[in-house]
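K.L.:
Handing you this structure, nothing more for now.
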Amino acid sequence: MGMTVRQHDDGSRSGMYDLDIISDNTVIGAVEVTAAVEPEATAYWRAADHGEPWTDARITGAWTVHTSPRASVRELRRRLADLLVKFQDAGIRSYEASEAWERCPPDPDAAALGVTSALQGPTDFPGRIYLMPPSDSKPTATFAAETGNQLIDWAVGWLRQPSQADNLRKLHTAALAQLHLFLILPPLTVAPDEAVMVLLSGSDQPALPSVPPALPAPITHLWIASSWNVPFGVRWDPDCGWMLFTAGTVRE
């Protein structure tokens, strides 16, 4: 049985959900699309080519890097890869600039570039550098790819925040059995590195969560994808459990 998706929100009234799911000419589901975007660093991100990954053949694996909002994108382009190669050669896979600089001085090259944290993880796309949201401080991310639980734990908590209530209200109005929330993690995301890296790394495919999600009502189905150019996303179907889907290039 084939299904199609068409636009539902045509702007004719407020509070409309985004998409209809149609089977046999009948609307069987509603889809609301949202992005977990960091709203305060748009100008920085434009200067960084809207989050397209940078590449350097000297780098193994992939690095996610956070910087201070005062960091110069021009200088990062010139010197960031050299810094990551230095970390790599020294066996450093995770770096965080301590706030207690007197007791734990930061790496001088990282400090000069405004790098606050960097994390290296395995990937099918070696040599990539993912410049993440600028921040004055960022918790150290621990890379763990055995399951996707870190991704879903964060996503469920984020969807329960008051700021996401409008998305839930739109789905409430649908009065349909299937109510899908499609969550995009853009390069400039509020999601922590350990959640983002579930989608950006792994062997052939991202690791699936091992537990069902405690989704806020009325969501019945959840889709999560990155707008980085990565091939897969993860989705929850209450009848089938966790599955992968081909994400292609997703735009927020």
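The values are calculated or read from the model by the stated rules, or taken from the named source; none is laboratory data. Quantities reported herein were computed from a predicted structural model and do not represent experimental measurements. As a convention, Cβ positions derive from the backbone with ideal geometry for all residues, glycine included, and neighbour counts pool all protein chains shown.
K.L.:
Restricting the stretch 139-189 to residues that are aliphatic (A, V, I, L, M), in contact with an Asp or Glu (Cβ under 7 Å, 6 or more places away or on another chain) and modelled with pLDDT of 85 or more, which is farthest from P216 (Cα to Cα)?
P.N.:
Only one residue fits best here, namely I184.
K.L.:
Could you check how many residues of the stretch 1-55 are modelled with pLDDT of 95 or more, among the acidic types (D, E) and either within 30 Å of S72 (Cα to Cα) or touching a Gly at 6+ places or on another chain (Cβ under 7 Å) (or both)?
P.N.:
Of the residues in that region, 0 qualify.
K.L.:
Which members of the stretch 167-182 meet the condition of being more than 24 Å from the chain's Cα centre (by Cα) and surrounded by fewer than 20 Cβ atoms within 10 Å (Cβ to Cβ)?
P.N.:
H172, T173, A175, L176, A177, Q178
K.L.:
If you don't mind, another one. If I go through the stretch 149-205 residue by residue, how many of them are closer than 18 Å to P53 by Cα and outside any helix (DSSP H, G or I)? Break it down stepwise before answering.
P.N.:
We begin by selecting, within the stretch 149-205, every residue closer than 18 Å to P53 by Cα; these are 184-202.
With the extra rule that they be outside any helix (DSSP H, G or I), the set shrinks to 184-192, 201-202.
Total satisfying the criteria: 11.
K.L.:
Hey, another quick one. Can you find even one residue in the stretch 116-132 that is touching a Gly at 6+ places or on another chain (Cβ under 9 Å), polar (S, T, N, Q) and at pLDDT 90 or above?
P.N.:
Checking the stretch 116-132: at least one residue is touching a Gly at 6+ places or on another chain (Cβ under 9 Å), polar (S, T, N, Q) and at pLDDT 90 or above.
K.L.:
Then there's this: Go through (1) surrounded by 15 or more Cβ atoms within 10 Å (Cβ to Cβ); (2) modelled with pLDDT under 95; (3) out of contact with any Leu (no Cβ under 6 Å at 6 or more places or on another chain); (4) not charged (D, E, K, R) one by one and return the number of the condition P206 breaks.
P.N.:
(3)
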